[in-house]
1. Please specify each residue of the stretch 201-220 satisfying the condition of being open to solvent by 10 Å² or more (accessible area, probe 1.4 Å), within 12 Å of the ligand (Cβ to nearest atom) and part of a helix (DSSP H, G or I).
2. Taking the condition of being on the phi < 0 side of the Ramachandran plot, open to solvent by less than 40 Å² (accessible area, probe 1.4 Å) and either more than 10 Å from the ligand (Cβ to nearest atom) or at pLDDT below 95 (or both), how many residues in the stretch 176-200 meet it?
3. Hey, among the residues in the stretch 254-279 that are open to solvent by 20 Å² or more (accessible area, probe 1.4 Å) and in a loop (DSSP other than H, G, I, E, B), which one's nearest to VAL323 (Cα to Cα)?
4. Could you please find all residues in the stretch 222-251 being under 29 Å from THR4 (Cβ atoms), part of a loop (DSSP other than H, G, I, E, B) and open to solvent by 60 Å² or more (accessible area, probe 1.4 Å)?
5. How many residues, within the stretch 305-315, are open to solvent by 40 Å² or more (accessible area, probe 1.4 Å), out of contact with any Lys or Arg (no Cβ under 9 Å at 6 or more places or on another chain) and over 24 Å from PRO352 (Cβ atoms)?
6. Answer yes if at least one residue in the stretch 68-78 is at pLDDT 95 or above, of a type in the set (Gly, Ala, Ser) and open to solvent by less than 30 Å² (accessible area, probe 1.4 Å), and no otherwise.
7. Does VAL62 count as out of contact with any Gly (no Cβ under 8 Å at 6 or more places or on another chain), of a type in the set (Val, Ile, Thr) and within 25 Å of VAL354 (Cα to Cα)?
8. Report whether or not VAL59 is within 12 Å of the ligand (Cβ to nearest atom), of a type in the set (A, V, I, L, M, F, W, C), in the same structural domain as LEU156 (by TED's automatic domain parsing) and touching a residue at least 40 places away in the same chain (Cβ under 8 Å).
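The values are calculated or read from the model by the stated rules, or taken from the named source; none is laboratory data. Owing to the predicted nature of the structure, the values given are computational and were not obtained by experimental measurement. Cβ placement follows ideal geometry from the backbone for every residue including glycine, while neighbour counts extend to all protein chains displayed. Note: areas computed on protein heavy atoms with side chains; ligands, DNA, RNA excluded. Shrake-Rupley method; radii C 1.70, N 1.55, O 1.52, S 1.80 Å.
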Amino acid sequence: MIRTAYAVINLKAIAHNVQQVRIAAPYSKVMAVIKANAYGHGLLRVAHALDGLVEGFAVARVQEGVRLRKAGLQQRIVVLEGFTECEELQDLLYYDLEASVHSPHQLEILSRQSEPKPLNVWLKLDTGMNRLGFKSPDVNRIYEQLQRCEQVKKPLNFMTHFANADDKNDAKTLQQIVLFKQLTANYEGEKSMANSAGILAWQDSQTDWVRAGIMLFGISPFADSTGKQLGLQPLMSLHSRLIAVRDVAAGETVGYSGTWTSPHATKLGVVAIGYGDGYPRYAQNGTPVLVNGQRVPLVGRVSMDMITVDLGLNSTARAGDSVTLWGDSLPVEEIAICANTIPYTLVCGITPRVEIVESKRSNTFE
Ligand SMILES: *Cc1c(COP(=O)(O)O)cnc(C)c1O
């Protein structure tokens with residue numbers, strides 16, 4: 001069958017990116033963060049590709065961890081949001097998953113649990129993110145409480161998360177690092193702070209474990225660089241085809257609400273991709289698109305199934321020609337800026353309509 005909108009996932013690049021994590025954080029174990037369907041790349045596809053390359057996995061939700069276990073993965077798996085219900089705790093225990101413990105509500109659930117098997121816990125400290133975790137004044141008390149809890153495996157592990165690590169000039173990250181080290185100095189157990197930005201920009205944040213997410217996918221965590229510039233290889237490229245080429249006269253508007261008026265007579269290309277595929281609705285006029293490898297500007301509103309591009313009056317492009325929305329020569333980081341978002345949302349947002357093609361073996365789909 002002819003492909004319309006499809007994403008190519010180059011799984012070979014992931015080993016290279018893990019290597020870059022190792023080079024940046026040579027003394028840490030690597031926890032691959034593959035939440036949200038591995039940032040849109042396919043949870044099991046990515047987990048299998050990482051099998052043997054990393055020491056552990058992290059996911060956001062219990063169900064994601066269960067899927068990994070059911071698929072036969074045997075590494076340590078940390079559920080970053082932990083559990084909110086007794087039933088989730090039971091799943092964690094049954095599937096041998098580890099959990100972040102960040103709230104008194106969870107302590108209550110733990111104390112009511114009567115399973116003989118103890119849970120491997122990551123005590124989450126809030127060092128400034130103000131999202132999940134216990135704040136400094138509570139840490140000792142919570143630690144003692146968990147130490148007394150038979151349902152918890154000893155020693156406890158510790159983690160925190162950075163709020164601003166992608167800004168290399170923001171002193172807040174250093175404050176978070178110092179506070180985490182102070183709070184955990186007297187405790188044994190494993191410790192983890194760094195996300196991708198921490199791995200690449202904040203060496204002091206590299207402790208027993210680093211938690212690599214976006215960089216594994218070859219994407220930069222920083223707004224001022226691309227993955228390629230950091231020595232990473234992107235896994236995902238997004239493609240479709242031209243389905244029509246039309247003549248547009250000077251002064252005509254294109255698309256919903258007429259947000260673009262053609263300043264000249266030109267050829268307009270209609271590409272079969274839209275927000276229904278995960279292409280960002282807020283991509284501005286001028287966002288680059290590759291048609292037959294050449295950059296042309298997006299013009300007019302992104303609609304559900306289509307976008308329009310200004311091919312130029314002399315274009316020889318025809319219906320059926322190939323189009324790349326992001327990929328090797330068009331960094332997703334650049335598209336994110338044009339759409340006033342971050343590359344995380346673009347790769348995560350690919351919808352099920354988009355066909356996934358693994359580049360190492362053609363015609364295999366998850
Ligand atoms: C998502 C997440 C990470 C990974 O972040 P990246 O910026 O993708 O490397 C690490 N730790 C926690 C707690 C997370 O939620």
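1. ALA201
2. Matching residues across the stretch 176-200 total 8.
3. GLY255
4. Selection gives GLN233 alone.
5. Adding up the residues that qualify gives 0.
6. Scanning the stretch 68-78, I find no residue that is at pLDDT 95 or above, of a type in the set (Gly, Ala, Ser) and open to solvent by less than 30 Å² (accessible area, probe 1.4 Å), so the answer is no.
7. So VAL62 does not fit the description; no.
8. No.
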